[in-house]
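Here, each number is a calculation from the coordinates, and none is a lab measurement. Predicted model only: the values in this text are computed from it and were never measured. Please note: Cβ atoms are built from the backbone with ideal geometry, for glycine as well, and neighbour counts cover all protein chains shown.
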Amino acid sequence: MVYPAPHQPPQTEFGTNLNTQSEAEKQAALEAAAIEAGRLLFAAECQFFHGAQKLEQLPLPGLPEVAFAGRSNVGKSSLINALTGRNTLARTSSQPGRTRQLNFFDLGARLTLVDMPGYGYAQAAKDIKADWQGMMFDYLRGRPTLQRVLLLLDARIEFKPSDGAVMDLLDQAAVTFMLVLTKADAVKPNSLARKTAATAEIARTHAAAYPRIFVTSSEAGLGIAELRAELATLAA
Ligand SMILES: Nc1nc2c(ncn2[C@@H]2O[C@H](COP(=O)(O)OP(=O)(O)OP(=O)(O)O)[C@@H](O)[C@H]2O)c(=O)[nH]1
Ligand SMILES: [Mg+2]
């Protein structure tokens, strides 16, 4: 014999739970509104307005900023293009090391998207690499308008020590970051599920990490609407 749980809300004669049903409906309505807010934000005009190769060249702090960080070739520029629905806004390449400066994009005068050079690019000349990375880390640590970092991880590739080092830096600087898996189209569902769980586990070990893991494919459009919705909560 099965006993009902002591605090169960009233049931209808069809067994539907009235209270939870309306909660679920409310939740669905909230989610739909968030997705719509994201869609509207990213439907706005998006324009490149500044490139910085050195810290002294950063634009004056203005709108809330969201930075796209991650290893070279992880898909940062592609994700900016997918979010904004513009194929050639940020330059992409199959060769790592395509983005060589901090590129600032104005989205509808409400949010600034920052496309960062990648780290962990073995082929770059040592001094150039030190320059980019030093600047990148200084930016991540000290930018007053930086609201959120999207730290991208390739769903096909092992988590690397350099990713951990960036997470440690963001923890220390108390800059909230979200882990975003990229290229989900290129992995099988089982392995994607394992990767997502492992990534959530990593997030749990970092004070500044957002608990939710975003699974995306810029090529297939997966997770793009959800990411837009999340970023819309940060817009002016
Ligand atoms: N299969 C697949 N490939 C992708 C996806 N997103 C990006 N790529 C490919 O990954 C490569 C690198 O993409 P970029 O967007 O240039 O990567 P990035 O992180 O900006 O690279 P750097 O600027 O060099 O640091 C390109 O060949 C893209 O076509 C995706 O969702 N799925
Ligand atoms: Mg790039």
Using alpha-carbon positions, what is the distance between the centroids of region 25-75 and region 168-221, in Å?
17
Fewest first, what order do Glu65, Glu158, Glu226 take by the number of other Cβ atoms within 10 Å?
Glu158, Glu226, Glu65
Ranked from fewest to most other Cβ atoms within 10 Å of their own Cβ, Tyr119, Tyr210 fall in the order Tyr210, Tyr119
For Asp163, what charge total do you get from the other residues with a beta carbon under 11 Å from its beta carbon, if Lys and Arg give +1 and Asp and Glu give -1?
-1
Rounded to 5, the percent of DSSP beta bridges in the chain classed as antiparallel
40
Can you pick out the pairs among Lys160/Lys183; Lys26/Lys195; Lys76/Lys160; Lys76/Lys183 whose Cα atoms lie more than 19 Å from each other?
Lys26/Lys195
How would you rank Thr145, Thr199, going from fewest to most other Cβ atoms within 10 Å of each one's own Cβ?
Thr145, Thr199
Check Phe177: other-chain or 5+ apart residues with amide H under 5 Å from its amide H, H built from backbone geometry?
Val149, Ala209, Tyr210
Report the convex hull volume per residue for region 18-232, counting only C-alpha atoms, in Å³.
131
